[in-house]
């Protein structure tokens with residue numbers, strides 16, 4: 001296990017996103033560390049080779065975000081996420097794994113993971129997802145987003161709740177968000193600012209009476225605004 005010792009968050013200069021890497025493969029940890037350390041707003045504060053080690057280091061290092069693998073010895077990523085979120089609810093967990101099996105996906109999201117990426121994601125996608133999840137957003141790989149939407153749509157009441165109609169621009173934002181895009185990616189696609197995307201999402205949540213992107217997308221599916229097969 002490779003570990004970077006730190007005394008805690010600093011108060012000087014811009015606040016960096018403190019990241020703990022959790023993966024049982026040293027080569028993967030090394031490559032991910034090199035990628036993230038190329039950005040000035042990231043600080044890799046430690047590494048863990050399994051979930052048990054991750055739980056201990058998270059308490060000691062107080063990261064903002066944990067980049068979590070799934071299949072590991074001693075304690076897997078699902079159990080580690082449960083323990084960490086129970087003890088440190090403000091720590092964000094972004095899953096980075098080779099597996100998109102339903103059992104892993106839903107267990108990790110239920111455990112409190114805010115994002116789920118596959119290891120074949122491009123470097124830019126990983127970097128953007130780290131920033132988004134650390135900022136309170138949820139990010140799902142497209143194949144994972146389809147699984148989540150499919151399950152929730154099948155379990156939900158087909159009658160949509162009452163709510164105001166969305167503007168054309170808000171519908172555009174919602175449809176792009178349904179594909180798992182971050183605020184930055186939505187802003188780029190629509191040629192608007194990320195701040196404007198945040199405002200649109202806040203308006204969407206308020207109008208539809210929901211509290212998350214997933215709930216808003218489900219509302220859109222029920223109303224026929226979004227075609228799940230097209231995601």
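Scanning the stretch 174-206 for residues that are in a loop (DSSP other than H, G, I, E, B), at pLDDT below 90 and over 21 Å from residue 224 (Cα atoms) yields one hit, 182.
For the stretch 82-92, what are the residues that are within 15 Å of the chain's Cα centre (by Cα) and in a helix (DSSP H, G or I)?
85
Can you name the condition, by its number, that residue 217 falls short on among (1) at pLDDT 85 or above; (2) within 17 Å of residue 145 (Cβ to Cβ)? For residue 217, the failing item is (1).
Name the single residue that is surrounded by the most Cβ atoms within 10 Å (Cβ to Cβ) among those in the stretch 182-192 being within 19 Å of residue 130 (Cα to Cα) and over 17 Å from the mean Cα position of the chain (by Cα). Out of the qualifying residues, it is 187.
Given the residues 107, 113, 121, which is the only one that is buried (at least 19 other Cβ atoms within 10 Å of the Cβ) and at pLDDT below 95? Testing whether each residue is buried (at least 19 other Cβ atoms within 10 Å of the Cβ) and at pLDDT below 95 leaves just 113.
Quick check on residue 57: is it in contact with a strand residue (DSSP E or B) (Cβ under 6 Å, 6 or more places away or on another chain) and within 16 Å of residue 130 (Cβ to Cβ)?
no
Could you say whether any residue in the stretch 126-135 is at pLDDT 85 or above, closer than 25 Å to residue 43 by Cβ, in a helix (DSSP H, G or I) and outside the structural domain of residue 32 (by TED's automatic domain parsing)? Checked against the condition, which is being at pLDDT 85 or above, closer than 25 Å to residue 43 by Cβ, in a helix (DSSP H, G or I) and outside the structural domain of residue 32 (by TED's automatic domain parsing), the stretch 126-135 yields no hits at all.
Count of the stretch 207-224 residues, restricted to those that are in contact with a helix residue (DSSP H, G or I) (Cβ under 6 Å, 6 or more places away or on another chain) and outside any helix (DSSP H, G or I), is 1.
The values are calculated or read from the model by the stated rules, or taken from the named source; none is laboratory data. Keep in mind it's a predicted model, so treat the numbers as computed, not measured. Neighbour counts are summed over all protein chains in view; Cβ atoms, including those assigned to glycine, are modelled from backbone coordinates with ideal geometry.
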